[in-house]
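As structure tokens, the structure follows; a few thoughts come after it.
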Amino acid sequence: MSRQRLVGEPFASPVDVVEWLGAVQAQEYVDAGWALSQRSEDAPTAGEVEALVASGEILRTHVLRPTWHFVRPADARWMLELTGPRVVRTMASAWRATGLDEPDERARVLDAVAEVLGDGEHLTRKQLAERLEASGVDTTKRIGFITLAAELERVAISGAPQGKQQTFAAFDDRVPASDPLEHDEAVARLAERYLRSHGPATPHDLSWWGGITVTDARRGYEAAGAASYEVEGLTYYELPGLETSSTGGEGISHLLPPYDEYLISYKNRQAVDASEDYVREPIEGLFFWGLALDEGRVVGGWKWSRPTRKDDPVRLTLTLLTPTTSAVRDRFAVQADRFSRYLDIPVELTMEAPR
């Protein structure tokens, strides 16, 4: 919790959060912004986070495993150079199904994407598809794969959002030029960034988070100068000399979004799994929920419904999986109020007791 700044001194801004964590899973756009807000001073609103994405201080692209992630511009290029080729290989069947496995066709399509985005416009997926069709590229049933290939090949990356829609911009317009890294150097950099912000962690954790092999993860830890030790049958690695906040998780509760780095960035989650206390379902049952944490351990899940009318409140339902005290429930109510300020919309909280 301390390394991820869920306790202790927060970061000055969401930009610093992304810089520290290296990459933040972000397919649920608004929820991912909430992850950044909780780790930042003055709890920035969803609108303030979106402004940073629009300006390009934070980018959102497919990288690492891959899924959507927030990354800093300075990290987008080398991370994609490291992880993109492996992702391309794992998606061989999808490329075959869409014709993008043919080198000539793939090159033709990506050249067309580069040309369409070359004038500096930021286009939604629909707008990009229309421009590609006009240039002779068939996008039927494959525009999603085309944009993914363009991201992995460093042709396109996120632009300024248009309302609720993601846009795509030319990669080189949003990402600074940099010299390529050798494979081992990139792995070592990824390992160091991961351990400083997520450690202690196992090689399998980094392999899962970074989309690299377990062998590369071990080599990366060694190259980063990490020390290893055993806990409950697992070998953890840690960077020496890192300070940890003196503030622990005692008396602190959180409502974390789905796919928050606190859980999603580890292959093994036994350290925060309170399954032995559950009366309903294990931690895996909450994988697509927001997480209710009490003193660092998962004690429930929560969901929120977007209002259908302008003046309607957000309805937030918290389902507790283990008995909790009134003090803990009060802390969750405070977190719901904080979420309301983040959204700038009133929030109505309902708590469901264990069944």
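The values are calculated or read from the model by the stated rules, or taken from the named source; none is laboratory data. Nothing here was measured: the structure is a model prediction, and the numbers come from that model. Every residue, glycine among them, receives a Cβ derived from its backbone with ideal geometry; neighbour counts consider all protein chains shown. Note: areas computed on protein heavy atoms with side chains; ligands, DNA, RNA excluded. Shrake-Rupley method; radii C 1.70, N 1.55, O 1.52, S 1.80 Å.
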- Hey, can you tell me all the residues within the stretch 30-62 that are farther than 9 Å from P14 by Cα and among the β-branched types (V, I, T)? V30, T45, V53, T61
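Name the residues in the stretch 196-219 that are closer than 25 Å to E57 by Cβ and either crowded, with 23+ Cβ neighbours inside 10 Å or free of Cβ contacts under 8 Å to residues at least 12 places away in the same chain (or both), would you? I'd like the intermediate steps shown before the answer.
So the first thing to find is which residues in the stretch 196-219 are closer than 25 Å to E57 by Cβ, and the list is 196-198, 209-211.
Once the filter is applied, which keeps residues that are closer than 25 Å to E57 by Cβ and either crowded, with 23+ Cβ neighbours inside 10 Å or free of Cβ contacts under 8 Å to residues at least 12 places away in the same chain (or both), the stretch 196-219 yields W209, G210.
Condition check: under 20 Å from Y29 (Cα atoms) and not hydrophobic (A, V, I, L, M, F, W, C). Does G159 satisfy that?
So G159 fits the description; yes.
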- Message: Quick check on this structure: which one of P307, P282 is open to solvent by 20 Å² or more (accessible area, probe 1.4 Å), at pLDDT 80 or above and out of contact with any Lys or Arg (no Cβ under 7 Å at 6 or more places or on another chain)?
- Response: P307
- Task: Within the stretch 12-37, track down each residue that is surrounded by fewer than 21 Cβ atoms within 10 Å (Cβ to Cβ), touching a Pro at 6+ places or on another chain (Cβ under 7 Å) and part of a helix (DSSP H, G or I).
- Result: D31
- Task: Determine, yes or no, whether E41 is in contact with a strand residue (DSSP E or B) (Cβ under 8 Å, 6 or more places away or on another chain), open to solvent by 10 Å² or more (accessible area, probe 1.4 Å) and acidic (D, E).
- Result: yes
- Task: Return yes or no: is E81 open to solvent by 40 Å² or more (accessible area, probe 1.4 Å) and either closer than 28 Å to D184 by Cα or of a type in the set (S, T, N, Q) (or both)?
- Result: yes
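Looking only at residues in the stretch 290-304 that are open to solvent by less than 10 Å² (accessible area, probe 1.4 Å) and more than 21 Å from A26 (Cα to Cα), which one is farthest from the chain's Cα centre (by Cα)?
Step one: list which residues in the stretch 290-304 are open to solvent by less than 10 Å² (accessible area, probe 1.4 Å), which gives 290-293, 296, 298, 300-302.
From what is left, the residues that are more than 21 Å from A26 (Cα to Cα) are 296, 300.
On the way: G296: 19, G300: 21 Å.
Looking at the filtered set, the residue picked out is G300.
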- Query: Can you name every residue in the stretch 314-323 that is surrounded by 14 or more Cβ atoms within 10 Å (Cβ to Cβ) and farther than 16 Å from L256 by Cβ?
  - Reply: V314, R315, T322
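Which one of T147, T90, T124, T139 is of a type in the set (S, T, Y) and modelled with pLDDT under 95? Don't jump to the end; show me each part of the working.
Working: T147 fails: modelled with pLDDT under 95; T124 fails: modelled with pLDDT under 95; T139 fails: modelled with pLDDT under 95.
Every option except T90 fails the conditions.
Having 1 or more residues that are touching a residue at least 60 places away in the same chain (Cβ under 8 Å) and in contact with a helix residue (DSSP H, G or I) (Cβ under 8 Å, 6 or more places away or on another chain) is the bar; report the helices (runs of 4 or more DSSP H) wholly within the stretch 57-154 that clear it. If you could, list the steps in order and put the result at the bottom.
Values: elements: 73-90, 92-98, 103-117, 125-134, 143-152.
Result: 73-90, 143-152.
Take V334 and tell me if it is part of a helix (DSSP H, G or I), closer than 26 Å to A271 by Cβ and open to solvent by less than 30 Å² (accessible area, probe 1.4 Å).
Details: part of a helix (DSSP H, G or I): yes; closer than 26 Å to A271 by Cβ: yes; open to solvent by less than 30 Å² (accessible area, probe 1.4 Å): no.
No.
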- Report the residue count in the stretch 92-107 for those that are farther than 14 Å from D138 by Cβ and open to solvent by 40 Å² or more (accessible area, probe 1.4 Å). 6
- Message: Can you pull out every residue in the stretch 155-174 that is surrounded by fewer than 20 Cβ atoms within 10 Å (Cβ to Cβ) and over 12 Å from R60 (Cα atoms)?
- Response: Q162, G163, K164, Q165, D172, D173
- Task: Return the pairs, sorted by first residue and then second, in which the second residue is assigned to a helix (DSSP H, G or I) and open to solvent by less than 20 Å² (accessible area, probe 1.4 Å), the first residue lies in the stretch 254-269 and is of a type in the set (F, W, Y), the beta carbons are less than 7 Å apart, and the residues are 6+ apart or on different chains.
- Result: Y266/D205
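Only one of these is modelled with pLDDT under 95, of a type in the set (G, A, S) and more than 22 Å from A292 (Cβ to Cβ): G47, G84, G22. Name it.
Values: G47 fails: modelled with pLDDT under 95; G22 fails: modelled with pLDDT under 95.
Just one listed residue meets the conditions, G84.
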- Query: Consider R86 against the criteria (1) crowded, with 23+ Cβ neighbours inside 10 Å; (2) within 25 Å of E185 (Cβ to Cβ): it satisfies all of them except one. Which criterion is unmet?
  - Reply: (1)
- Scan the stretch 171-188 and report the pairs whose first residue is modelled with pLDDT of 95 or more and whose second residue is in a loop (DSSP other than H, G, I, E, B) and open to solvent by less than 20 Å² (accessible area, probe 1.4 Å), with Cβ atoms within less than 7 Å and a gap of 6+ or a chain change. R174/G56; V187/I212
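Only one of these is over 24 Å from R125 (Cβ atoms) and not in a loop (DSSP other than H, G, I, E, B): E9, E48. Name it.
E48
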- Message: Please determine whether any residue of the stretch 220-232 is surrounded by fewer than 21 Cβ atoms within 10 Å (Cβ to Cβ), modelled with pLDDT under 90, farther than 30 Å from V113 by Cα and not β-branched (V, I, T).
- Response: yes
